[in-house]
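The values are calculated or read from the model by the stated rules, or taken from the named source; none is laboratory data. All figures in this text were calculated on a predicted structure; none of them were measured in a lab. Cβ: placed from backbone, ideal geometry, glycine included. Neighbour counts: every protein chain shown. Keep in mind that these areas ignore ligands, DNA and RNA; they rest on the heavy atoms of the full protein, side chains included. Shrake-Rupley method; radii C 1.70, N 1.55, O 1.52, S 1.80 Å.
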Amino acid sequence: MISSFLNLSLAAGLGLISHRFYFIHGEHDRYADSIARVAVLAFGLITFYEWHIEASLSKAVIQAISLAAAYCGALFTSMFFYRLVQSPLTHLPGPFWAKVTKLYHVGHILRADNYRYMNKLFHQYGDVIRTGPNEVTLFTPEAFNQIYGPDSRCIRGVYYDMMLPLVSLVTTRHKHIHTHKRKLWDQGFSIKALEALEPKVYEYADELVHQLRQRLKTPVEIGRWFEYFTFDLMGLVGFNYKFNLLQTQKHVALDMYNAGHPVLGVVTPAPWIYHLTAAIPYGQEGYHMFARWAEGGLREKLKEPSGQRDVLNYVIEDARQRGPVEQSWKHILGDYILFITAGSDPQRQVLTNALYYLIRYPEHLSQVRSELSGLEDIRNYKSLQYLTHFNAIIKETLRLNPRREDCFVNATDFIPERFSTKPELILDKKAWQPWSLGEYQCVGKNLGLMEIRVALALLVMQFDWEFAPGEDGQQMFEGLLDFFTTVPGPLNVVIKERSIAPTE
Ligand code: HEM
């Protein structure tokens, strides 16, 4: 009988050894599915063996369970002992259970509201917190430079392995691959490329205005419309694809993206959960459906004549120079999917929040309008870049929610002047890093700003805005979803034709 005392001790010893010699070293998140398969196989083999000598299936299963319990008991005891007593991070403050397991973190963000949980931890424990057995979160403004500055030796964390086997600019953890990809992406966002895009951004913003004009005087969830606007532009700029969401308000890619994405927000702290689902049949079906759609779209794109100037084309041309595109498939598809995930949500978030502040503080709306009406031509993008208050509104929107009280005077108040006439209200400039910094900083910053400036300028000059009945903006903040990017909760507004002619 295998489950003799000796065999149980052997199983426990194996648990101890596997922790001390395997699990304690390196990263294992991305192998969670393989580990699960090995465990199931081992369990099956032991059961089968026991059945063979015991001739009773139920007894065999009980024996196998006893051995598994001995193995896991020793493994987890050793693991928790190490995490609580021996880890080099034991001196750092943080919630007790966070030191034991990342599942504690997952349990706190089931509503995809990691930003809220982290803010709470910051107020409770301070600047440097042990947020997991092997994880430290820094909240100091210096952290940006320490992590992303030129002297940093940091690489991206295990979370970024999420897309494997696909490789993309943002998820690669290898510096040399990132540097190479970044050069390709930078071409798609060069000054020349953006100048060429300017008419398109105005064209899409005009379509947004046109669509909203069809919906005057009835409540409109404006965040949705910003989503259509930014998603449409993302398709055009990224891979020359027309989603036509502004016209149709429906596209299967957007549905799949919205259905699958929030899950990522929940499993972010424990990426092994995500990898584990790969071992379960249909466990990642949502993502696979989305990836299949993307793959089909990419195959269509490859039929286009060469010489297109969208971002993905730079990646494709680079791949073609190396040989058949199939060889670089995981890179091209990875960047394609990345564009869909990174290229629209942030602008939607900023546009929705900025509009909320302009409705809530009409004095700022008036100031913005008077700046805009002083322009010779609102359709000249360069002139929008130099408007003081208009740009301060955007910067202040990017600063808020949530921010450190010791880096900004009246940190929770909306005071755009801190970015224009009252710089003394910024106590530590390093704390404002909406695009991150260094070689990993946002590649789409200038395009994102162009979309935000153009849409906001046209919308505030064309329409009058008010909150819809019952709306106070709180659900926009409280319903915010935090995953790879963030998505605001709904903001219902009523739009009216402006009483003063746009030219004023
Ligand atoms: C308001 C607009 C935007 C904001 C606030 C924003 C913010 C950021 C931030 C904070 C990062 C660093 C993320 C990290 O290190 O994990 C980032 C990276 C990135 N962003 Fe943006 N983003 C915006 C618009 C865009 C747009 C329009 C695109 C177009 C595709 C884009 C594409 C990317 C990509 C590809 C990266 C990865 C860059 C790299 O690793 O080299 N972003 N963004």
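Couple of notes before you dig in:
- For Leu57, the conditions (1) in contact with a Phe, Trp or Tyr (Cβ under 7 Å, 6 or more places away or on another chain); (2) within 27 Å of Thr277 (Cβ to Cβ) all hold with the exception of (2).
- Filter pass, Val266 being open to solvent by less than 60 Å² (accessible area, probe 1.4 Å) and not polar (S, T, N, Q): yes
- Qualifying residue in segment 448-456 (condition: under 30 Å from His105 (Cβ atoms), aliphatic (A, V, I, L, M), within 21 Å of the chain's Cα centre (by Cα) and not in a loop (DSSP other than H, G, I, E, B)): no
- Residue match in segment 45-56 (condition: touching a Lys or Arg at 6+ places or on another chain (Cβ under 6 Å) and either part of a helix (DSSP H, G or I) or not charged (D, E, K, R) (or both)): no
- Unique residue being open to solvent by less than 40 Å² (accessible area, probe 1.4 Å), in a helix (DSSP H, G or I) and of a type in the set (Ser, Thr, Tyr) when the list is Tyr117, Tyr71: Tyr117
- Residues satisfying the stated conditions in segment 23-37, i.e. open to solvent by 100 Å² or more (accessible area, probe 1.4 Å) and closer than 20 Å to Ile273 by Cβ: Arg30, Arg37
- Search result, residues across segment 460-475 that are buried (at least 17 other Cβ atoms within 10 Å of the Cβ) and either within 16 Å of the ligand (Cβ to nearest atom) or part of a strand (DSSP E or B) (or both): Phe463, Trp465
- Restricting segment 419-458 to residues that are more than 16 Å from the ligand (Cβ to nearest atom) and of a type in the set (A, V, I, L, M, F, W, C), the residue that is most open to solvent (accessible area, probe 1.4 Å): Leu427
- Selection count where residues are part of a loop (DSSP other than H, G, I, E, B) and closer than 9 Å to Thr131 by Cα, scope segment 94-114: 3
- Test: residue in segment 11-27 that is under 27 Å from the mean Cα position of the chain (by Cα) and touching a residue at least 12 places away in the same chain (Cβ under 8 Å): yes
- Residues of segment 214-230 satisfying the condition of being within 15 Å of the ligand (Cβ to nearest atom) and either at pLDDT below 95 or among the acidic types (Asp, Glu) (or both): Glu227
- Residue within segment 377-393 that is within 30 Å of Tyr257 (Cα to Cα), small (Gly, Ala, Ser), in a helix (DSSP H, G or I) and open to solvent by less than 20 Å² (accessible area, probe 1.4 Å) present: no
- Selection of segment 312-341 for residues being among the polar types (S, T, N, Q) and open to solvent by less than 30 Å² (accessible area, probe 1.4 Å) yields Asn313, Ser328, Thr341.
- Within segment 185-209, restricting attention to residues that are aliphatic (A, V, I, L, M) and over 16 Å from Leu447 (Cα atoms), the residue that is nearest to the ligand (Cβ to nearest atom) is Leu208.
- Checking each residue in segment 156-175 for being over 15 Å from the mean Cα position of the chain (by Cα) and either near the ligand (Cβ under 10 Å from one of its atoms) or over 19 Å from Leu437 (Cα atoms) (or both) picks out Leu164, Pro165, Leu166, Val167.
Rundown of residues vs (1) more than 16 Å from the ligand (Cβ to nearest atom); (2) surrounded by 16 or more Cβ atoms within 10 Å (Cβ to Cβ); (3) of a type in the set (Lys, Arg); (4) without any contact (Cβ under 8 Å) to a residue 60 or more places away in the chain, yes/no style:
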position: Asp232; (1), (2), (3), (4): no, yes, no, yes
position: Asn240; (1), (2), (3), (4): no, no, no, no
position: Met256; (1), (2), (3), (4): yes, yes, no, yes
position: His275; (1), (2), (3), (4): yes, yes, no, no
position: Arg299; (1), (2), (3), (4): yes, no, yes, yes
position: Gly307; (1), (2), (3), (4): yes, no, no, yes
position: Asp310; (1), (2), (3), (4): no, yes, no, no
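- Condition met for Pro416 (within 12 Å of the ligand (Cβ to nearest atom) and either without any contact (Cβ under 8 Å) to a residue 60 or more places away in the chain or open to solvent by 50 Å² or more (accessible area, probe 1.4 Å) (or both)): no
- Flag for Asp482 being within 16 Å of the ligand (Cβ to nearest atom) and surrounded by 14 or more Cβ atoms within 10 Å (Cβ to Cβ): yes
- Every listed requirement among (1) closer than 26 Å to Ala143 by Cα; (2) at pLDDT below 95; (3) more than 27 Å from the chain's Cα centre (by Cα) is met by Lys422 save one, (2).
- Positions within segment 80-100 being over 23 Å from the mean Cα position of the chain (by Cα) and either within 26 Å of Val263 (Cβ to Cβ) or charged (D, E, K, R) (or both), in sequence order: Arg83, Gly94, Pro95, Trp97, Lys99, Val100
- Hey, Ser168 of a type outside the set (A, V, I, L, M, F, W, C) and not assigned by TED's automatic domain parsing to the domain that holds Gly238 or not: yes
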